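What follows is calculated from the coordinates using simple rules that are stated; it is not laboratory data. Only a predicted model underlies this, so the values are computations on that prediction, with no experimental measurement involved. Neighbour counts run over all protein chains shown; Cβ positions are idealised from the backbone, glycine included.
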Amino acid sequence: MEQLKQEVESCTKCPLHKTRTKAVFGNGNLDAEIMIIAEGPGYYEDQSGTVFQGKSGELLDKVLAACCFSRDEHVYISNIVKCRPPNNRAPIEIEKEVCLTYLYQQIERVDPKIIILLGATALKGLIDPNAKITQVRGQWIKWKDRMVMPTYHPSALLRNPTLKRPVWEDFKAVVAKYRELVNAAHYSAHC
Ligand code: URA
């Protein structure tokens, strides 16, 4: 994985390398049974080289903590694209296409039983370009022998707090699946 990380950090396969400060490869436990995939780095991630900093990172940490999951132990987190799109625009086709080859290798290496997709870009990038997050969130998708749960991106929750309830339901379903597939004794006071 270290070799792949170095490849990503020096990647020039799409125009995003010209405007990035740091590529953001991914963080967490390489042996985690849960992989979280989101869209791409924002301002703070680009500056630090680390996934989910700033307000959406804080919110994600709160949801994970409520599930008794931690970034260091239970999850590995990465994005569809590893370099920040200028002004936080959504990544375009060519950017997603070249960067997905890195993500596929990360998934193979981490080999998670459960994948959580945060937001439309992650859903469309990994599963189906025509899928709609509003229609499929909360429903398990079987993909390459892994169980995939699409839900809303934390930044959508920051804009629209009414989405917090469905996201919490989706994470409760992840805890139940984690107990079923990984550790029946996983403790969480909230679910
Ligand atoms: N938003 C994302 O999609 N990914 C990050 O790493 C941070 C914010």
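Is there any pair with a first residue in segment 124-139 that is touching a residue at least 12 places away in the same chain (Cβ under 8 Å) and a second that is assigned to a loop (DSSP other than H, G, I, E, B) and among the aliphatic types (A, V, I, L, M) whose Cβ atoms are under 8 Å apart and which are 6 or more apart or on different chains, and what are they? From segment 124-139, the pairs are Gly125/Ile80; Leu126/Ile80. Residue-level analysis places Thr12 outside the set of residues that are more than 9 Å from the ligand (Cβ to nearest atom), under 16 Å from Asn88 (Cβ atoms) and not small (Gly, Ala, Ser).
So in segment 136-158, with the set limited to residues that are of a type outside the set (A, V, I, L, M, F, W, C) and away from the ligand (no atom under 16 Å from the Cβ), which one is surrounded by the most Cβ atoms within 10 Å (Cβ to Cβ)? Walk me through how you get there before you give the answer.
Our first condition is that a residue be of a type outside the set (A, V, I, L, M, F, W, C); within segment 136-158, this holds for 137-139, 142, 144-146, 150-155.
Then drop every residue that is not away from the ligand (no atom under 16 Å from the Cβ), which leaves 138-139, 142, 144-146.
Working: Gly138: 14, Gln139: 11, Lys142: 8, Lys144: 10, Asp145: 7, Arg146: 16.
The extreme case among them is Arg146.
With the condition kept exactly as written, say whether any residue in segment 135-149 is within 26 Å of Leu30 (Cβ to Cβ), of a type in the set (Val, Ile, Thr) and out of contact with any strand residue (DSSP E or B) (no Cβ under 6 Å at 6 or more places or on another chain). There is no residue in segment 135-149 that is within 26 Å of Leu30 (Cβ to Cβ), of a type in the set (Val, Ile, Thr) and out of contact with any strand residue (DSSP E or B) (no Cβ under 6 Å at 6 or more places or on another chain). Restricting the search to helices (runs of 4 or more DSSP H) fully inside segment 115-159 and requiring at least 1 residues that are out of contact with any helix residue (DSSP H, G or I) (no Cβ under 8 Å at 6 or more places or on another chain) and within 16 Å of Ile36 (Cα to Cα) gives 120-126. Scanning segment 37-79 for residues that are part of a strand (DSSP E or B) and either touching a helix residue (DSSP H, G or I) at 6+ places or on another chain (Cβ under 6 Å) or near the ligand (Cβ under 9 Å from one of its atoms) (or both) gives Ile37, Ala38, Tyr76, Ile77, Ser78, Asn79.
For the condition within 12 Å of the ligand (Cβ to nearest atom) and not in a helix (DSSP H, G or I), Lys82 qualifies.
Just one residue in the set Asp31, Asp61 is in contact (Cβ under 8 Å) with a residue 24 or more places away in the chain, out of contact with any strand residue (DSSP E or B) (no Cβ under 7 Å at 6 or more places or on another chain) and not aromatic (Phe, Trp, Tyr); that residue is Asp31. With the requirement that a residue be surrounded by fewer than 21 Cβ atoms within 10 Å (Cβ to Cβ) and either touching a His at 6+ places or on another chain (Cβ under 9 Å) or basic (Lys, Arg) (or both), what does segment 33-55 give you? Those that are surrounded by fewer than 21 Cβ atoms within 10 Å (Cβ to Cβ) and either touching a His at 6+ places or on another chain (Cβ under 9 Å) or basic (Lys, Arg) (or both): Glu33, Lys55. Checking Gly119 against (1) out of contact with any strand residue (DSSP E or B) (no Cβ under 8 Å at 6 or more places or on another chain); (2) touching a residue at least 12 places away in the same chain (Cβ under 8 Å): exactly one of these is not met. Which one? Only one criterion in (1) out of contact with any strand residue (DSSP E or B) (no Cβ under 8 Å at 6 or more places or on another chain); (2) touching a residue at least 12 places away in the same chain (Cβ under 8 Å) is unmet by Gly119, namely (1). For the criterion of being within 15 Å of the ligand (Cβ to nearest atom), surrounded by fewer than 16 Cβ atoms within 10 Å (Cβ to Cβ) and over 18 Å from Lys22 (Cβ atoms), Arg109 fails.
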